[in-house]
Amino acid sequence: MIIGTGIDIIEVARVQKAIDRWGEDFLKHIFTAEEIAYAQKRKFPTQHYAARFAAKEAVYKAFGNNTSLSWKDMTILNDENGKPYCRLNDSAFKNKITISISHTKDYAVANAIITS
Ligand SMILES: CC(C)(COP(=O)(O)OP(=O)(O)OC[C@H]1O[C@@H](n2cnc3c(N)ncnc32)[C@H](O)[C@@H]1OP(=O)(O)O)[C@@H](O)C(=O)NCCC(=O)NCCS
């Protein structure tokens with residue numbers, strides 16, 4: 001059963017601006033070490049940061065309004081085929097979160113579906 005869905009789009013340039021302005025403080029506030037390691041290995045890291053930013057927003061929206069989730073309460077990871085998934089720190093959470101991500105030079109989008 002679908003419990004919630006969320007979607008988000010972000011301009012890659014907006015994320016680049018934040019990185020230029022606040023550098024590592026921004027990255028460490030929003031992203032976990034695994035997410036930073038993933039993005040930094042890629043040719044255009046900002047696209048991957050923007051995608052993860054959008055994915056976190058999408059997951060947040062899928063939970064609805066009454067969640068206390070914060071940026072680093074979740075990690076966006078990729079399986080062995082590159083398919084993204086979301087790991088929540090909250091081990092009591094038993095539902096499934098399915099995410100999908102896409103990005104270009106200018107925009108990153110993500111959606112999230114929570115199912116029971
Ligand atoms: C994997 C694939 C879907 C990625 O698409 P893309 O247009 O190159 O790139 P996008 O920017 O849209 O998406 C990139 C994101 O796709 C996600 N992705 C990568 N591999 C994936 C996979 N196996 N399954 C689902 N999502 C995947 C990742 O989240 C990636 O972003 P990230 O590296 O920041 O996590 C694409 O390379 C591919 O293999 N397409 C198959 C084409 C095809 O056979 N089409 C037939 C349609 S019927």
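All of the numbers you see were taken from the coordinates with simple rules; none came from a lab. Because the structure is predicted, anything quoted here is derived from the model rather than measured. As a convention, Cβ positions derive from the backbone with ideal geometry for all residues, glycine included, and neighbour counts pool all protein chains shown.
Report summary: the helix-based calculation at 222 nm, which adds -39500 (n - 2.57) for every DSSP H run with n ≥ 4 and divides by the residues of the chain, gives -13000 deg cm²/dmol. Full extension of the segment from Ser116 to Asp25, taken as 0.36 nm per residue of separation minus the current Cα-Cα distance, would add 29.2 nm.
Approximating the spin labels as points 7 Å out from Cα along Cα→Cβ, the Tyr85-to-Ser100 distance works out to 1.8 nm. When +1 charges are put on Lys and Arg Cβ atoms and -1 charges on Asp and Glu Cβ atoms, the dipole computed for the chain relative to its Cα centre reaches about 120 debye.
Is any residue of the stretch 44-80 close enough, with backbone N under 15 Å, to a label point placed 7 angstrom from the Cα of Ile2 along the Cα-Cβ axis, and if so, which? Within reach of a label on Ile2, which here means backbone N under 15 Å from a point 7 Å along Cα→Cβ, the stretch 44-80 contributes 59, 61-64.
Across the stretch 41-53, rounded Karplus estimates of 3J(HN,Hα) from the backbone phi angles (6.51 cos²θ - 1.76 cosθ + 1.60, θ = phi - 60°) give 7, 8, 5, 10, x, 4, 4, 6, 5, 4, 4, 6, 4 Hz, Gly and Pro being marked x. Diffusion coefficient of the chain by Stokes-Einstein, Kirkwood radius over Cα pairs, 4 °C, 1.567 mPa s: 91 µm²/s. At most 10 other Cβ atoms within 10 Å plus a DSSP loop assignment makes a site exposed; report the longest stretch of the chain without any exposed trypsin sites (Lys or Arg not before Pro). Here the longest segment lacking exposed loop sites spans 44-93.
Our coupling estimate for the stretch 97-111, obtained by passing each phi through the Karplus curve with A = 6.51, B = -1.76, C = 1.60 and θ = phi - 60°, is 10, 10, 10, 9, 9, 8, 8, 10, 4, 9, 10, 10, 10, 8, 10 Hz, Gly and Pro reported as x. In this structure, the pairs whose alpha-carbon distance is over 19 Å, taken from Lys28/Lys105; Lys56/Lys83; Lys41/Lys96; Lys61/Lys96; Lys43/Lys105, are Lys28/Lys105; Lys41/Lys96. Largest GNM mean-square fluctuation across Glu11, Glu80, Glu34, computed for the chain with C-alpha springs under 10 Å, falls on Glu80.
Among Ala55, Ala39, Ala92, the largest mean-square fluctuation in a Gaussian network model of the chain (Cα springs under 10 Å) belongs to Ala92.
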